[in-house]
Structures are given as C-alpha cells and as structure tokens.
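Derivation of every value follows stated rules applied to the coordinates shown; laboratory data play no part. These numbers come from a predicted model, not from an experiment. A quick note on method: Cβ atoms are made from the backbone with ideal geometry, for glycine too, and the neighbour counts reach across all protein chains shown.
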Amino acid sequence: MYIILYIFVFFINILLGDVVSKKNVLKIKKIYFNKINFNNINNINKNKKKYIYIKKNKYKINKKLNKCKLNITIDAGHGGFDPGALGYYGSKEKDINLIIAKKLLNLININSKFNVYLTRNDDKYLSLKKRLNIIKNNKTNLFLSIHTDSFKYKYVYGPSIWIFRKFNNKLLNINYNKNNKDHKNSFTLANEIINIFKKFIGLNKYKCIPQYSNLAILSLINIPSVLIEIGYISNPKEEKKLINNIYQNKLVKYIYLGLNNFINKIC
C-alpha cells in the first residue's frame with residue numbers, strides 16, 4: 001500500500017515539474033526565441049545557455065561602441081627652425097601643416113565621438129621624443145600626421161596617404177609584429193581617406209592606394225596611424241591651392257569624411 005502511494009506521489013511530482021518547466025520554456029520562447037522549436041524538454045538547458053551567450057554578445061557590442069569615443073592626436077609636421085619643404089613661390093611646409101591641423105581639429109571637435117588634440121598649436125619645433133610624449137599623455141588611440149610633399153619634378157601633384165611598413169631596420173619594427181591589428185586598421189583608415197580624395201579631388205594614379213614607408217613616428221606608436229601628405233608644395237599650381245583658404249577647407253572636409261567612414265566601419 002505504502003509502496004503504491006509513494007510511486008503515485010513520485011509520478012505526480014514529475015508531472016507537475018514537467019508542467020512548470022514547459023511553462024518556463026514557453027515564456028522564454030515567447031520573449032527571446034521566437035524561431036526556436038522546443039519539442040524536446042531536454043533542450044531547456046542548452047537554450048538557456050544560448051540565451052546567456054546572446055546576452056554576453058550584446059554586452060560586448062555595447063562595450064565596443066563605448067570604445068569608439070576616440071582620443072585623436074593631430075601632428076602638424078615640422079615647425080620652428082625646421083621649415084620642412086619650401087614651395088616654388090616661397091611657402092613653408094610647416095605653416096601649411098599647422099593651418100590644416102588646426103582646421104581639422106575644429107571640424108572633428110564638432111563630433112562628440114572624438115576628443116581631439118594637437119602636438120603643436122603654434123610655430124615651434126618639437127623633437128620626435130616630445131611628439132611621442134604628447135601622443136602618450138593624450139592617451140591617443142588614433143593618430144594623424146599632416147605633411148606637405150616636395151619633389152624635384154614640378155609636375156608631380158596630389159595628396160598621398162602613408163602607413164608604416166616594416167623593412168630591415170629592426171629598431172623601428174619592434175612594435176610591428178606585436179600589433180598587426182593596428183597595422184590593418186591603419187591600412188583601412190588610409191584607404192577610406194584615399195577613397196574620398198579619389199571621389200572629390202582626383203589623385204595621381206600612383207597614389208590611389210596606401211603608400212608604405214619606414215616612417216619613424218608611425219613605427220614607434222602602437223595605434224592606428226597615418227601620415228597624410230596633402231599635396232606637393234614643389235608644384236607651382238598645387239602650392240597656390242595649398243595656401244588657398246577655400247581649398248584648405250575642402251581638404252580638411254575630405255580627411256574628416258574618410259575618418260568618419262573608418263570609425264563607422266570599426267564600430
């Protein structure tokens with residue numbers, strides 16, 4: 001008699017447990033897994049794990065979005081006793097670089113995604129070490145270096161975007177292999193700016209892809225970084241454009257558009 005009663009109660013508990021579990025499953029199904037078929041009660045734990053995994057993924061995505069509030073440092077090349085390249089009509093690279101860097105800072109600062117800094121905001125010389133310290137102190141996670149190009153042939157023209165690439169000098173390449181992801185991001189950033197330049201300015205056919213060089217300042221930082229040569233000051237026609245306020249504003253706008261496209265990709 002007692003044995004029969006015990007068996008009866010045991011089966012009632014199992015039945016009630018099943019009903020409660022199925023209700024819970026149906027509730028989870030209704031809220032989170034509309035397309036999942038719960039035919040087998042043994043799948044409950046698996047699907048709970050799947051739900052937890054989805055929640056974790058959402059958290060990771062949000063965390064990634066938060067990281068997209070970037071600290072950007074803009075470096076105006078040369079300065080002080082170092083004029084950089086000299087133009088056909090006497091313009092100095094250091095002056096053009098600083099004007100573009102300041103205009104770019106003002107434009108990027110409009111976007112709340114970015115905190116923007118300059119390595120220099122006046123005509124002063126900064127050693128490589130000082131520039132690197134400024135980059136570090138700003139907690140920079142994206143770096144733009146502004147330069148103006150020069151060449152012995154006056155007909156050479158157009159902007160070009162440079163990124164670091166390892167060559168034989170081991171001292172300059174310590175960080176390269178450790179941060180290959182940053183190298184890929186630098187390539188993507190360079191490409192986005194180039195695509196905008198191609199669309200609105202037109203580029204020399206040899207400069208329609210990112211250019212590579214063993215550039216010291218790019219080789220010594222572990223963040224996405226590009227060096228932008230905004231044009232050839234040695235070309236008389238381009239020099240006139242580079243010192244023109246309207247053209248400068250266009251250049252700055254196009255750099256910003258490329259930068260914004262890059263941020264939208266990685267975020």
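Odds and ends about this structure:
- Full-stretch length increase - K250, N121 - with 0.36 nm per residue and alpha-carbon distance subtracted: 44.4 nm
- Since only I135, S145, N121 are under comparison, the one whose Cα sits farthest along the positive direction of the charge dipole of region 98-149, derived from C-beta charges on Lys, Arg, Asp and Glu, is I135.
- Each peptide in 129-139, 115-125 receives the mean, over its residues, of other Cβ atoms within 10 Å, and ordering these scores from highest gives 115-125, 129-139.
- Think of region 65-158 as having a plus end and a minus end, set by charges on the Cβ of Lys, Arg, Asp and Glu; of Y155, L107, I96, L107 sits farthest toward the positive end of this dipole.
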